[in-house]
Amino acid sequence: MGLPRGKKILITGGTGQVARPVAEALATQNDVWCLGRFGTAGVEQELAEKGITAWRWDMDDLSAESLKGAPEDFTHVLHSAVRRGEDGDFNATAEVNAVAAGRLMTHCRTAESFLYVSTGALYARRSLDHQYTETDPVDGVADWLPAYPVGKIGTEGAVRAFAQVLGLPTTIARLNIAYGPGGYGGVPMLYFKRMLAGEPIPVPLDGQNWCSLLHTDDLVAQVPALWRAATAPSRVVNWGGDESVGITDCVRHMEALTGIEAKLVPSEVTRETYRFDPTLRRELTGPCRVGWRDGIRRTLESLYPEHVRH
């Protein structure tokens, strides 16, 4: 059905890897506002040049005044901003994310649809190749960033509560690994940077981690469908690509494309990833259009063209 037109859209995290491409794509036919701190010099001007209104909002401000002055007549909301918890403060990570979501949903309670970007990292870890569904149990354990999934679980609880109390149609989309030519390129490009630097890449002692890579083009195209799928009480959907992708296979693919060697080191601690059962998401959005091998090649050609073999 394509992207919406003539809507008033609020996006948080609009300078990040996930939401910025969405904001820029939607701004061509809609009134798009991005809320954030805009700590990077010049980013507000960059957004303005794309027709996006930047409005300063610090989600760490838990006061009732934090959104004072912001419009309330948004038709659609994409909430992607997050306090990741790199400082290891579990309490602050849970409180800031949950309160910010509640404030935002209350402020935008008349919207047609609210989309909250959660994470697959909250699932209780099973076998490396387990295909996670929306009904799998969660536990919020992630050795690589312990506070992050705990904050997401807490915020999902807040989002569920406000969706039901306010009657605000809501989709909770548990994102897998988004990647593409925008921003830093996503997790695969973090691995490629390690390859360029000759740094080791930890991999499981046996087998490999699996994921469901989602290219930016598909992510942008699927947002309107996830808005249309919103319900009150809220709906949960795993948001990843159609294909199961082994992380080691992905790294080997980048080796073949560039000739850069990857130093894979077996380890008990790796950046755990999860592969999704795409059934529900495909029912809501239709199939993805970008295969992961082509998507990785296109991303490398955009961000590291000097290293891609031709």
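FYI, it's all coordinate maths here, none of it is from the lab. The shown structure was predicted, so the numbers you read here are calculated from the model rather than taken from an experiment. Cβ atoms come from the backbone with ideal geometry, glycine included; neighbour counts cover every protein chain shown.
For the chain, the Cβ-based charge dipole about the Cα centre amounts to some 580 debye (Lys, Arg positive; Asp, Glu negative; other atoms uncharged).
According to the Kirkwood relation over distinct C-alpha pairs, the hydrodynamic radius of the chain is 19.9 Å. Of the beta bridges in the chain, as assigned by DSSP with both residues counted there, near 10 percent are antiparallel.
Computed over the chain, the per-residue total of -39500 (n - 2.57) for DSSP H runs of n ≥ 4 gives a 222 nm mean residue ellipticity of -11000 deg cm²/dmol, rounded to 500. Less than 5 angstrom separates the built amide H of E272 from those of W144, all sequence-distant by 5 or more or on a different chain. Over all other residues within a Cβ to Cβ distance under 9 Å of V236, the charged ones net out to +1, with Lys and Arg as +1 and Asp and Glu as -1. For the residues R160, R194, R282, a GNM of the chain with alpha-carbon springs under 10 Å puts the largest fluctuation on R194. Backbone phi angles across the stretch 92-97, fed through the Karplus curve with coefficients 6.51, -1.76 and 1.60 (θ = phi - 60°), yield HN-Hα couplings of 5, 4, 5, 5, 4, 5 Hz in residue order; Gly and Pro are listed as x. Using C-alpha pairs under 8 Å with a sequence gap of at least 6, the mean separation divided by the residue count of the stretch 22-79 gives a relative contact order of 31 percent. The fewest-to-most ranking of D136, D87, D60 by surrounding Cβ atoms within 10 Å reads D87, D60, D136. Restricting attention to the chain, lysine pairs at least eight places apart or on different chains and with alpha-carbon atoms under 23 angstrom apart total 5. Taking the charge dipole of the stretch 143-283 about its Cα centre, with +1 at Lys and Arg Cβ atoms and -1 at Asp and Glu Cβ atoms, the residue from V265, L190, I172 reaching farthest to the positive side is I172.
Among I153, I52, I260, the residue with the largest mean-square fluctuation in a Gaussian network model of the chain, with springs joining Cα atoms closer than 10 Å, is I260.
A dipole drawn for the stretch 39-132 from +1 and -1 charges on Cβ atoms has a positive end, and of Y123, S66, V82 the residue lying farthest that way is Y123.
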